[in-house]
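First comes the structure, then the notes that go with it.
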Amino acid sequence: MTIRPDAVEVRSIVRRIFSEMGVAQRELDEISETILLDEGRIRARSYRLDDLMAMWMLDIGIVQFYDADGNMVRRANLLSEIHPRPVRLAA
């Protein structure tokens, strides 16, 4: 069994942290999401709003936040941020 955070929960965390970084509440609906595929598997999701960017690396369960200059300014460990639900793998 493995633990995988839900994309809806991660989006909520991204919105909260962008808000803490100074983004106005009304602007949070403008976040764009991109999915990175590698060999048919989702490897990461990125979230952009103006000059800010967040990258969720699915395999390690971390979201990293970057400023306009590309500097990582914050990190969220999803296993401590949310209560992930177990996901059963196919046999």
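Below are the figures for this structure:
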read-out: Verdict on residue 63 being within 16 Å of the chain's Cα centre (by Cα), farther than 17 Å from residue 9 by Cα, in contact (Cβ under 8 Å) with a residue 12 or more places away in the chain and assigned to a strand (DSSP E or B); value: no
read-out: Matching residues, region 66-78, being surrounded by 11 or more Cβ atoms within 10 Å (Cβ to Cβ) and assigned to a loop (DSSP other than H, G, I, E, B); value: 67
read-out: Selected residue (only one of 55, 21 is surrounded by 10 or more Cβ atoms within 10 Å (Cβ to Cβ), among the aliphatic types (A, V, I, L, M) and at pLDDT 95 or above); value: 55
read-out: Scan of region 11-43 for residues that are out of contact with any helix residue (DSSP H, G or I) (no Cβ under 6 Å at 6 or more places or on another chain) and under 17 Å from residue 74 (Cα atoms), ordered by number; value: 11, 12, 14, 16, 17, 18, 19, 20, 21, 22, 23
read-out: Single unsatisfied condition, residue 37 versus (1) assigned to a strand (DSSP E or B); (2) surrounded by 11 or more Cβ atoms within 10 Å (Cβ to Cβ); (3) of a type in the set (A, V, I, L, M); value: (2)
read-out: Where residue 8 falls short, out of the listed (1) surrounded by fewer than 12 Cβ atoms within 10 Å (Cβ to Cβ); (2) of a type outside the set (D, E, K, R); (3) not in a helix (DSSP H, G or I); value: (3)
read-out: Single residue of 43, 15, 48 found to be without any contact (Cβ under 8 Å) to a residue 60 or more places away in the chain and part of a helix (DSSP H, G or I); value: 15
read-out: Selection within region 71-91 - modelled with pLDDT under 95 and either over 14 Å from residue 13 (Cα atoms) or of a type in the set (Phe, Trp, Tyr) (or both); value: 85, 86, 87, 88, 89, 90, 91
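The values are calculated or read from the model by the stated rules, or taken from the named source; none is laboratory data. Just so it is clear, the structure is predicted and the values come from calculations on it, not from any experiment. When we count neighbours, we look across all protein chains shown, and the Cβ atoms used for this are built from the backbone with ideal geometry, even at glycine.
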